[in-house]
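One structure follows; several queries about it will come next.
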Amino acid sequence: MREKQERIVITFYTTADAMAMEKAARLHGIDGKSISAPRAVSADCGIAFSSPISEKENVMRLLSESGIEIQGAHELWL
Amino acid sequence: MYYFDHAATSYPKPAKVTEAVCLAMNTMGNSGRAVHEGSLKASRIIFEAREKTAAFFGCEKPQNVAFTCNATEGLNMAIQGSFSSGDHIISTDLEHNSVLRPLYERQEKGCTVSFLQADSMGNICYDDLEANIRPQTKGIVCTHASNVTGNLLDLKRIGAVARKHHLLFVADVSQTAGVFPIDMKEMGIDILCFTGHKSLLGPQGTGGLCIRTGVEIRPLKYGGTGVQTFLHTQPQEMPTRLEAGTLNGHGIAGLSAALDYLNETGIGNIREHEERLMKKLYHGVSRIPGVKVYGDFSAGERAAIVSLNYRDVPSTELADELMEGYGIATRSGAHCAPRMHEALGTAKQGAVRFSIGYNTTDQEVEYVIDSLRRICQ
């Protein structure tokens, strides 16, 4: 298994919101990727967006500016 | 074959549309069902299609675009999901059965429906709209253009009335999307239903709804969404609320390419081309003795449709002669628009519909005029 790193993980209600986040992050040069929503924070399946914890501020600013609806924001070791 | 049935489906599709479908069939997984490359690719392509669709129709955001397998499915969702027993709905005689039958179904469930009457030219009287509004009126459902005559309805004018009286406005843009500019905000449209395979030039099996934020539609279908798995109900959030089951991702990839084609070509250029050929066809065939053309050709803008009959010859016989003798493909009969034909007085005879697309040529139009002249000698 890979060594775990602390990350900021955003979960969504819809795949469309997850895709909106992925695209917006790419446009704003934010490091991150789409992952399966971790069971630790959501038993709902779906796609989450995971970034290194160092990007937390940028991720939260992007979410607030873009109006993308999220289910939750979590700090996790993944 | 000389194809004059673009109002049924555009044909052939732009090369980039078929290429996009083929590529998707060989590279796409199932959108929203996993995060492997194939699935993510599908999710990205579909999201991009939502973005393009939202921009194309002046819809607030891509999340407000739900894909369906055709306009009929979208219209059923909009009509069955918005109106309940006791509600009064206003519609028109111009409608296709994709609007009429869901409305009749609502009548059986306790709704009442008023239809704005069309005259013998296929036009409605706009003053009738406000005159039909009652305290129980919940919404207006109407097409942008008759699929029989090509006459347009003024959506902006109807939308202004809907807004003034706080009514839900559902527009069916199946016959106009891809040719005429459509802006939900400007036209005051709350729910816009479209098909992908007509003048949007996409594949059959695509379509959808664009919804104004805040408009609630009860789902018509319930099922897998890839998200909120343990919820017993369909998720509340758009577009998942209206997208149970696997989407037609391959078709949507084609629709996305079709929107690129339309944006690159410019719908103004498409409209100009179709309008010019429609007028040429109209002027050519309307001079043939015994030919009667339906619809209002004095209007400034109209969809590129010329429907006609020759004396009392059944429309099916004339269409067969055009196909068998001259290789000209048209659509005869009642075009799934019974009220329109009743208003035109053609319920029994039907009509032969010629519809023009962006790839129709001057030579083809001249050939049609000449062929019809020979048949009608």
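Under a crude label model (7 Å from the Cα following the beta-carbon direction), how far is B:Phe230 from B:Cys22 in nanometres?
Each label point is offset 7 Å from its Cα along the Cβ direction, giving 4.7 nm.
Do any chymotrypsin sites (Phe, Trp or Tyr not before Pro) in segment B:229-300 lie in a DSSP loop with no more than 15 other beta carbon atoms within 10 Å, and if so, which?
B:Phe230
Rounded to the nearest 100 Å², what is the sum over both chains of accessible area buried where B meets A, with a probe of 1.4 Å?
The B and A chains share an interface burying roughly 1600 Å².
Counting other Cβ atoms within 10 Å, keep those with at most 14, restrict to DSSP loop, and tell me which trypsin sites (Lys or Arg not before Pro) in chain A are left.
Those satisfying the criteria are A:Arg2, A:Lys4, A:Arg39.
Relative to the compact globular guide of 2.2 N^0.38 Å, what is the alpha carbon radius of gyration of the protein assembly as shown, as a ratio?
Here the answer is 1.08, to two decimals.
I've got another one for you. Using the eigenvalues of the Cα gyration tensor, what equivalent ellipsoid semi-axes result for segment B:10-66 when each is taken as the square root of five times the eigenvalue, whole Å, largest first?
20, 19, 7
With a cut-off of at most 16 other beta carbons within 10 Å, and DSSP calling the residue loop, which GluC sites (Glu not before Pro) in segment B:1-84 qualify? Please list them.
Here the GluC sites (Glu not before Pro) that fit, given the DSSP loop and packing criteria, are B:Glu60.
Would you please give the FRET efficiency between B:Cys125 and B:Glu366, computed as 1/(1 + (r/R0)^6) with r the Cβ-Cβ distance and R0 = 35 Å, to the nearest 0.05?
0.40
Only residues of segment B:32-73 count here: report those whose backbone N is under 19 Å from the spot 7 Å along Cα→Cβ of A:Ser36, or say none.
B:32-44, by backbone N distance to the label point.
Taking every residue in A:16-26, how many Cβ atoms of other protein chains lie within 10 Å of its Cβ, on average?
Neighbouring Cβ atoms belonging to other protein chains average 6 per residue here.
Counting only other chains, and only Cβ atoms inside 10 Å, what mean value do you get across the residues of B:229-235?
Going residue by residue through B:229-235 and averaging, the value is 2.
How large is the accessible surface per residue of segment B:215-360, computed with a 1.4 Å probe and reported in Å² as a whole number?
Result: 43 Å² per residue.
Distance between the C-alpha centers of segment B:260-303 and segment A:9-52? Whole Å please.
What the calculation gives is 48 Å, centre to centre.
Can you work out the accessible area per residue across segment B:39-162, with the rest of the protein chains kept in place, probe 1.4 Å, in square angstrom?
Spelled out: the 1.4 Å probe surface of segment B:39-162, per residue, equals 33 Å².
Going by average Cβ neighbours within 10 Å, how do the peptides B:78-90, B:301-313, B:169-181 rank, with the highest at the top?
B:169-181, B:301-313, B:78-90
Suppose the chain between B:Glu186 and B:Arg218 were pulled fully straight at 0.36 nm per residue; how much longer would it get relative to their current alpha carbon spacing?
So the chain would gain 9.0 nm between B:Glu186 and B:Arg218.
If you average the sequence gap of Cα pairs under 8 Å that are 6 or more apart and divide by the length of segment B:168-220, what percent do you get for the contact order?
Here the relative contact order equals 33 percent.
Then there is this: Tell me which lysines have Cα within less than 18 Å of B:Lys185's Cα, excluding those fewer than 8 residues away on the same chain?
Correct list for B:Lys185: B:Lys52, B:Lys61, B:Lys156, B:Lys164.
The values are calculated or read from the model by the stated rules, or taken from the named source; none is laboratory data. Given the structure is predicted, the values throughout are model-derived calculations rather than measurements. Backbone-built Cβ (ideal geometry, glycine too); neighbour counts: all protein chains shown. These accessible areas exclude ligands, DNA and RNA; they are computed on the full protein's heavy atoms, side chains included. Shrake-Rupley method; radii C 1.70, N 1.55, O 1.52, S 1.80 Å.
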